[in-house]
Every structure is written in C-alpha cells, then in structure tokens.
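These notes are about the structure you will find just below.
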Amino acid sequence: MSMFDFQPTLKGTLIELSPLRGQHPASDRYKPEVFRAFFLESLASGGALTIRECQTGRVIGSSRFHGYNADLNEIEIGWTFLARSHWGGTYNGEVKRLMLRHAFHFVKRVIFLIGPRNIRSQRAIERLGAVRVGARPDAAGSDAFVYEITSNACTQR
C-alpha cells in the first residue's frame, strides 16, 4: 500500500470533505479561546478536513485522520464536530463512511478513540459497524475506549 493521503477531497450526497485551511467561519463558537486552540491543533495535525454541506456550501464542521501506523496497517479517525443543527446521524454517518472508504485504500484497520462517557459517539460509531476492542489513553492522555472497523468487516456490510 502507498503512503496515506491525510487530506483528500471527498464528496458525498450530503457533504464534501476538503483539507482544513487557516480560515474558519465559526468565529462565534461557544468559547472562542477553546475552539481556537482546537482549530490550531487541527491545522498542525496535517490531517484535518473541513465538512461542507453540499446543498448550501456552508461549513458545518470538521474531522481528521491521525496516528497513521504503517506497521499496524491502521489510522485513527476522530476529532469530529458538527454544527448542532446537523446532529442526529445522517451527516456524521456520511462523514465517517467517506473517510472509511478513503482510509481503506491505504490501511486495513481504522480505529476510533471515544471517551467512556461519550455514549452518543459510541452508539453512532457502533451503527457504522465499529466494535469496541479495548481501552487506552487518547492523544491528550484521557481514558478512551478503542473501537475498530477493519476493511474485511466493512466490505461484508
């Protein structure tokens, strides 16, 4: 397999994912100083993608690839956020399906690290076929459950 492409442009029915750039229209985030740090970290990661609604062209969130490990043949998908108006499954599901489809061109395993109290995200990723396979600290050192989807499992769905 070739080197992982962290910032593709991916287009679905509802959304388009494209590389995150240095400007962002959500300057009225609940706590701007908190969002600013998150945004700068996302830019520095090299794997962040903007989520844009196809119908309106409006930016509605972001997600990212992280932790590519060629030896383990895996990548992590995470740090996804959507505007509250787009919560509820269809948009997040399409984001994850597009990112999974892209990832499986490069790796055989995609992992998701989700906080133990983040039940909403756990259920959403389970609906996509992810299975909880353990626990470990996330990038910030917080406890997280490890969920995985393998290319074999994904093609059988």
Inset, instruction - Give me the distance in nm between label points sitting 7 Å out from Cα along the Cα-to-Cβ direction at Val133 and Ser18, one decimal. - result: 3.4
Inset, instruction - Grab the beta carbon distance between Arg123 and Asn73, set R0 = 35 Å, and tell me the FRET efficiency rounded to 0.05. - result: 0.85
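Going by accessible area, probe 1.4 Å, with all protein chains left in place, what is the ranking of Met3, Met99, largest first?
Values: Met3 135, Met99 0 Å².
Descending accessible area places them as Met3, Met99.
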Inset, instruction - Keeping all protein chains in position, work out how much accessible area Asp138 exposes to a 1.4 Å probe, and write it in Å² to the nearest 10. - result: 50
Legend entry - Tyr91 accessible area, assembled protein chains, probe 1.4 Å, Å²: 40
Inset, instruction - Could you pull the accessible area for Val146 with a 1.4 Å probe, rounded to 10 Å²? - result: 10
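The values are calculated or read from the model by the stated rules, or taken from the named source; none is laboratory data. Worth saying up front: this structure is predicted, and the values here are computed from it rather than measured. No Cβ is skipped: glycine too gets one built from the backbone with ideal geometry, and neighbour counts run over all protein chains shown. What goes into the accessible areas is simple: the full protein's heavy atoms, side chains included, and nothing from ligands, DNA or RNA. Shrake-Rupley method; radii C 1.70, N 1.55, O 1.52, S 1.80 Å.
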